[in-house]
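Asks: There's a structure below that I have some questions on.
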Amino acid sequence: MSEALLASETPGAGAATAPAPASGARQFWRRLRTQRAALVAAAVVALLVLVALAAPLLTALEGQDPTSYHPGLVDSARGGVPVGSFGGISADHWLGVEPQTGRDLFARLVHGARVSLGVAVVATVLQVAIGVAVGLASGLGGRWLDQTLSRATDVMVALPLMVLALALLAVVPSGFPRPVLVALVIGFVGWGGIAKVVRAKTISLKSLDHVAAARLSGWGGVRIARRELLPALAAPVITYAALLVPTNITVEAALSFLGVGVKPPTASWGQMLTSADVWYQAAPQYLLLPAAALFVTVLALTVLGDGVRTALDPRAASRLRIGTGRKREDAS
């Protein structure tokens with residue numbers, strides 16, 4: 001036995017027979033690669049992000065912009081219905097024009113992707129940053145700090161977002177950029193859920209031996225959080241953040257639809273739906289296109305988030321394999 005121990009401690013011993021364990025990133029990609037739905041969703045999300053980033057280039061290629069009015073392309077005698085078939089689709093206007101104003105629908109759709117995705121991503125970053133900080137402080141702090149932060153988290157979870165948005169709109173100057181305001185409102189209000197997740201995980205982790213050893217060695221709370229807890233919290237935080245993005249897109253669309261979010265002439269999918277609710281019979285594409293874009297984006301992000309959760313959680317991946325194996329055995 002002693003010889004075996006010495007051989008195992010000798011550098012290079014058994015290197016020819018024992019392969020090096022795969023890195024965390026390689027294991028994650030290996031698990032994610034087995035989920036076709038998640039890969040398709042990732043491709044859809046990548047395409048949407050590419051369209052949003054290249055929106056100025058795409059509209060320049062079409063020769064239009066999202067704010068220019070074209071009154072000659074709508075029939076004022078019929079209330080502003082687009083002239084021509086299928087909402088005014090032509091070589092100059094690939095998806096037609098907006099009723100009443102004649103603004104190019106393709107340009108507003110791709111620029112709306114920039115606003116909707118940008119607001120959702122910025123809000124998610126704020127939620128994750130605040131939620132992780134509050135959750136770590138609550139889990140590592142004393143009883144008084146934990147109770148104080150937990151009550152504050154409960155208040156933020158129960159706080160109605162729409163009411164707070166209306167209150168902020170009453171005090172924020174109208175010149176303040178509305179997409180930035182919506183992102184800040186969603187980010188500073190919606191961090192309660194991730195704070196609860198981080199707090200629960202921190203409480204379970206700080207009782208482990210390596211964390212207790214770090215505390216006994218005199219490490220401060222910030223160093224323990226950075227060196228011992230944050231690596232273990234990466235998987236649940238990334239999973240929660242991946243599922244927050246589609247939720248925030250829906251919230252931004254709802255705020256814009258209710259008239260308290262992004263305002264014209266800035267293009268947003270929710271703002272487009274606000275103006276399209278009375279045109280679904282005369283110009284159905286004006287309603288269907290932003291609704292379809294919103295549906296596809298939320299669905300793809302949700303499927304991708306679920307795939308990321310399964311890939312980051314080995315227990316979930318093993319349960320998935322066991323369930324698949326049982327189904328195959330039953331079928332045989």
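The values are calculated or read from the model by the stated rules, or taken from the named source; none is laboratory data. The model shown is predicted, which means the values in this text are computed figures rather than measured ones. Using ideal geometry, Cβ is built from the backbone for each residue, glycine included, and neighbour counts are taken over all protein chains shown.
Asks: If you check every pair at least six apart or on different chains, which have Cβ atoms under 9 Å apart with a residue in the stretch 52-66 that is touching a residue at least 40 places away in the same chain (Cβ under 8 Å) and under 11 Å from W94 (Cα atoms) first and a residue that is in a loop (DSSP other than H, G, I, E, B) and β-branched (V, I, T) second?
Replies: Pairs that qualify, where the first residue is touching a residue at least 40 places away in the same chain (Cβ under 8 Å) and under 11 Å from W94 (Cα atoms) and the partner is in a loop (DSSP other than H, G, I, E, B) and β-branched (V, I, T): there are none.
Asks: If we keep just the residues of the stretch 26-84 that are part of a strand (DSSP E or B) and of a type in the set (V, I, T), which is surrounded by the fewest Cβ atoms within 10 Å (Cβ to Cβ)?
Replies: The extreme case among them is V81.
Asks: Could you say which residue among V245, V211 is under 30 Å from D306 (Cα atoms), in a helix (DSSP H, G or I), in contact (Cβ under 8 Å) with a residue 24 or more places away in the chain and of a type in the set (A, V, I, L, M, F, W, C)?
Replies: Details: V211 fails: in contact (Cβ under 8 Å) with a residue 24 or more places away in the chain.
On inspection, the qualifying residue turns out to be V245.
Asks: Out of the stretch 138-187, which residues are over 23 Å from the mean Cα position of the chain (by Cα) and not in a helix (DSSP H, G or I)?
Replies: Result: G141, G142, V172, P173, S174, G175, F176.
Asks: Which is within 30 Å of V83 (Cα to Cα), modelled with pLDDT under 85 and surrounded by fewer than 15 Cβ atoms within 10 Å (Cβ to Cβ), of V262, V278, V222?
Replies: Residue meeting the stated conditions: V278.
Asks: Right, something else. Check whether at least one residue in the stretch 111-123 is without any contact (Cβ under 8 Å) to a residue 40 or more places away in the chain and either under 26 Å from L287 (Cβ atoms) or crowded, with 17+ Cβ neighbours inside 10 Å (or both), and report yes or no. Write out each step before concluding.
Replies: Step one: filter the stretch 111-123 for residues without any contact (Cβ under 8 Å) to a residue 40 or more places away in the chain, giving none.
Among the residues of the stretch 111-123, not one is without any contact (Cβ under 8 Å) to a residue 40 or more places away in the chain and either under 26 Å from L287 (Cβ atoms) or crowded, with 17+ Cβ neighbours inside 10 Å (or both), which makes the answer no.
Asks: Would you call R103 among the basic types (K, R), in contact with a Phe, Trp or Tyr (Cβ under 8 Å, 6 or more places away or on another chain) and at pLDDT 85 or above?
Replies: The answer is yes for R103.
Asks: For R143, state whether it is modelled with pLDDT under 90, of a type in the set (D, E, K, R) and within 30 Å of E62 (Cβ to Cβ).
Replies: Judged against the criteria, R143 is not a match.
Asks: Quick one: G142 ticks every box in (1) surrounded by 15 or more Cβ atoms within 10 Å (Cβ to Cβ); (2) of a type outside the set (A, V, I, L, M, F, W, C); (3) out of contact with any Phe, Trp or Tyr (no Cβ under 9 Å at 6 or more places or on another chain) except a single one, so which number is it?
Replies: In the conditions (1) surrounded by 15 or more Cβ atoms within 10 Å (Cβ to Cβ); (2) of a type outside the set (A, V, I, L, M, F, W, C); (3) out of contact with any Phe, Trp or Tyr (no Cβ under 9 Å at 6 or more places or on another chain), G142 misses (1) alone.
Asks: Go through (1) more than 18 Å from the chain's Cα centre (by Cα); (2) surrounded by 17 or more Cβ atoms within 10 Å (Cβ to Cβ); (3) in a helix (DSSP H, G or I) one by one and return the number of the condition P231 breaks.
Replies: That leaves (2) as the condition not met.
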